[in-house]
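*Asks:* Below is one structure. I have some questions about it.
The values are calculated or read from the model by the stated rules, or taken from the named source; none is laboratory data. These numbers were taken from a predicted model, which means no experiment stands behind them. Note that we place each Cβ from the backbone using ideal geometry, even for glycine, and neighbour counts take in every protein chain shown.
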Amino acid sequence: MRHFTRRQIHLLAGGALASVGCASTGAGSAALPAGYYEATPAPFPQFGRRPENPGYTLGFSSWSSVIRRYVIDFGPSDRVGLGRPEPEMGSRFARGHASPYRAEGARIPFSLFEESDAQVFAEARAVLEKLADDAPFERVRWSDQLAFWFNLHNAALIEQIALAYPVKRPGGLRVGPQRLPLLDAKLVRVQGTALSLRDIRQEIVYRYWRHPGVLYGFWRGEVGGPSIRRSAFTGSAVNKQLGAAAEEFVNSLRGVRAYGARISISRIYEDAVPFFDDWRTGLRAHLSAFADGDVAELLAGDAPLYFGQYDPTVADLAGGDTGSSSKSPTPTTGIQPSSDLRDLGRVPVGIASQLVAAMEVNRALTMVPGLPEHAGRVLRERARKLVNVRRRTRRRRGIVTIDDLPTAPIE
């Protein structure tokens with residue numbers, strides 16, 4: 001008999017965990033020193049005030065209706081590393097994704113984007129900004145504020161990658177009239193304050209929610225990072241959503257992997273080092289709380305942890321290699337959108353969302369007109385991985401006991 005526990009991350013207000021510091025890893029950032037928050041003043045104190053008499057919640061249904069149309073879920077990891085892809089016929093080089101964990105996580109088919117798709121995300125980002133402008137933040141629940149920052153960050157990042165595509169490594173992007181690094185350009189405006197992606201991560205969420213669970217809410221636009229969700233973060237479910245994201249990531253090759261006599265963990269965990277007085281003990285305990293199977297056994301040993309892996313390639317299907325200088329994809333895929341996509345109103349249903357809709361019906365779909373061969377290869381690898389996961393699941397059938405834990409209020 002195998003017993004499963006529904007695990008949740010309980011995120012308390014800043015300071016309540018008696019932990020310190022944070023960092024900002026991924027997309028070209030660098031780790032911060034321990035004690036950073038104790039040594040530096042908060043640049044945006046207006047976003048760190050605990051709400052008094054919180055009576056307002058925020059709705060993110062419009063963001064959910066957008067994001068579910070663009071994300072291809074690759075499912076749980078089977079923890080089988082892939083070898084180097086075979087070169088294409090007539091070539092000595094393999095194009096596209098090549099990392100051992102390229103069949104994990106989730107993807108956005110940027111190579112099929114049209115100008116209207118980038119506009120969709122620009123409008124979604126603007127809607128989220130206006131939501132904050134119209135809401136009395138001093139009375140918005142703390143959990144809804146956290147969900148807001150995740151959703152706004154991810155919408156703005158997708159918008160920028162879509163505008164710059166084709167791009168192979170988002171961390172190297174420079175955006176805006178001043179050509180600033182992606183994380184440092186002021187991409188959003190909230191209640192009159194211009195903010196960068198780094199500001200949102202590092203100076204707001206990491207500063208006021210000092211818990212490693214917040215790492216899983218930020219999409220980094222890169223294969224090595226946590227998966228992007230196919231629905232919005234919401235205040236009522238943010239603990240469960242982050243718990244599910246943590247479980248997927250920790251048990252993937254992107255998260256934890258044996259490497260000789262050591263345990264290689266994702267470099268995103270450099271961000272969490274200052275959350276702990278003793279990061280080696282604290283981080284191992286955090287990972288162990290979400291680990292299953294061989295990952296749990298690996299962490300139960302005494303092999304030391306080190307930050308050894310991260311794939312900075314863009315989390316798309318083509319690895320940023322469209323095979324053409326043109327940003328316009330083939331005019332049509334021949335895939336008919338599902339009825340729920342047609343009903344979304346004025347936002348046009350483009351090729352990228354047609355692909356996602358078709359894959360909701362046929363998860364094994366691999367041949368799509370308009371996709372380059374190396375992108376189709378990734379879909380075939382995904383399909384084989386999903387078959388392996390299903391086979392393993394069937395072999396493990398038995399009695400499952402689920403213990404429901406009470407949800408601790410985030411306020």
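*Asks:* Which residue, of Asn239, Asn154, is under 24 Å from Gly319 (Cα atoms) and polar (S, T, N, Q)?
*Replies:* The unique qualifying residue is Asn154.
*Asks:* Restrict the check to the stretch 180-187 and report whether at least one residue is in contact with a helix residue (DSSP H, G or I) (Cβ under 6 Å, 6 or more places away or on another chain), in a strand (DSSP E or B) and crowded, with 23+ Cβ neighbours inside 10 Å.
*Replies:* For the stretch 180-187, residues in contact with a helix residue (DSSP H, G or I) (Cβ under 6 Å, 6 or more places away or on another chain), in a strand (DSSP E or B) and crowded, with 23+ Cβ neighbours inside 10 Å: present.
*Asks:* When you scan the stretch 50-101, how many residues do you find that are of a type in the set (Lys, Arg), at pLDDT 90 or above and closer than 27 Å to Ile204 by Cα?
*Replies:* 1
*Asks:* Here's another thing I want to ask about it. Would you say Ala94 is assigned to a loop (DSSP other than H, G, I, E, B) and either of a type in the set (Phe, Trp, Tyr) or in contact with a Ser or Thr (Cβ under 9 Å, 6 or more places away or on another chain) (or both)? It would help to see each step written out before you state the result.
*Replies:* On the way: assigned to a loop (DSSP other than H, G, I, E, B): yes; either of a type in the set (Phe, Trp, Tyr) or in contact with a Ser or Thr (Cβ under 9 Å, 6 or more places away or on another chain) (or both): no.
Judged against the criteria, Ala94 is not a match.
*Asks:* Return the only residue of Leu405, Leu341 being modelled with pLDDT under 85, of a type outside the set (Gly, Ala, Ser) and within 24 Å of Leu157 (Cβ to Cβ).
*Replies:* Leu341
*Asks:* A further question follows. Go through the stretch 36-75 and give me each residue that's in a helix (DSSP H, G or I) and closer than 28 Å to Ala245 by Cα.
*Replies:* The answer is Tyr36, Tyr37, Phe47, Ser61, Ser62, Trp63, Ser64, Ser65, Val66, Ile67.
*Asks:* Residues being charged (D, E, K, R) and not in a helix (DSSP H, G or I): count how many of those fall in the stretch 188-228. Lay out the reasoning, then the answer.
*Replies:* Start the filter on the stretch 188-228 by keeping residues that are charged (D, E, K, R), which leaves 189, 198-199, 201, 203, 207, 210, 220, 222.
From what's left, not in a helix (DSSP H, G or I): 189, 210, 220, 222.
So the count comes out to 4.
*Asks:* Now for a separate question. Which residue is surrounded by the fewest Cβ atoms within 10 Å (Cβ to Cβ), if the candidates are limited to the stretch 126-147 and must be within 13 Å of Val214 (Cβ to Cβ) and in contact with a Phe, Trp or Tyr (Cβ under 9 Å, 6 or more places away or on another chain)?
*Replies:* Ranking the qualifying residues of the stretch 126-147, first place goes to Trp142.
*Asks:* Moving on to the next point. Which condition does Thr281 not pass, out of (1) part of a loop (DSSP other than H, G, I, E, B); (2) more than 30 Å from Ile108 (Cβ to Cβ); (3) among the β-branched types (Val, Ile, Thr), if it passes all the others?
*Replies:* Thr281 satisfies all of (1) part of a loop (DSSP other than H, G, I, E, B); (2) more than 30 Å from Ile108 (Cβ to Cβ); (3) among the β-branched types (Val, Ile, Thr) except (1).
*Asks:* May I ask you to verify whether Val167 is touching a residue at least 12 places away in the same chain (Cβ under 8 Å), assigned to a loop (DSSP other than H, G, I, E, B) and touching a helix residue (DSSP H, G or I) at 6+ places or on another chain (Cβ under 9 Å)?
*Replies:* Criteria met by Val167.
*Asks:* Here is a follow-up. Name every residue in the stretch 358-395 that is more than 24 Å from the chain's Cα centre (by Cα) and of a type in the set (Asp, Glu), in order of residue number.
*Replies:* Across the stretch 358-395, the qualifying residue is only Glu373.
*Asks:* When only residues in the stretch 364-383 that are surrounded by fewer than 19 Cβ atoms within 10 Å (Cβ to Cβ) and touching a residue at least 60 places away in the same chain (Cβ under 8 Å) count, which is farthest from Ser77 (Cα to Cα)?
*Replies:* Ranking the candidates gives Glu373 first.
*Asks:* Can you name the number of the only condition in (1) modelled with pLDDT under 95; (2) of a type outside the set (Ser, Thr, Tyr); (3) under 27 Å from Gln354 (Cα atoms) that Gly28 fails?
*Replies:* The number of the failed condition is (3).
*Asks:* I want to confirm something. Restricting to the stretch 229-239 and keeping residues that are of a type in the set (S, T, N, Q) and either in a loop (DSSP other than H, G, I, E, B) or touching a Leu at 6+ places or on another chain (Cβ under 6 Å) (or both), which single residue is nearest to Ala147 (Cα to Cα)?
*Replies:* The qualifying residue nearest to Ala147 (Cα to Cα) is Thr234.
*Asks:* Another question about this same structure. Among all residue pairs at least 6 apart or on different chains, which show Cβ distances below 9 Å where the first residue, located in the stretch 262-291, is over 18 Å from Leu11 (Cα atoms) and the second is part of a helix (DSSP H, G or I) and of a type in the set (Asp, Glu)?
*Replies:* Ala291/Glu247; Ala291/Glu297
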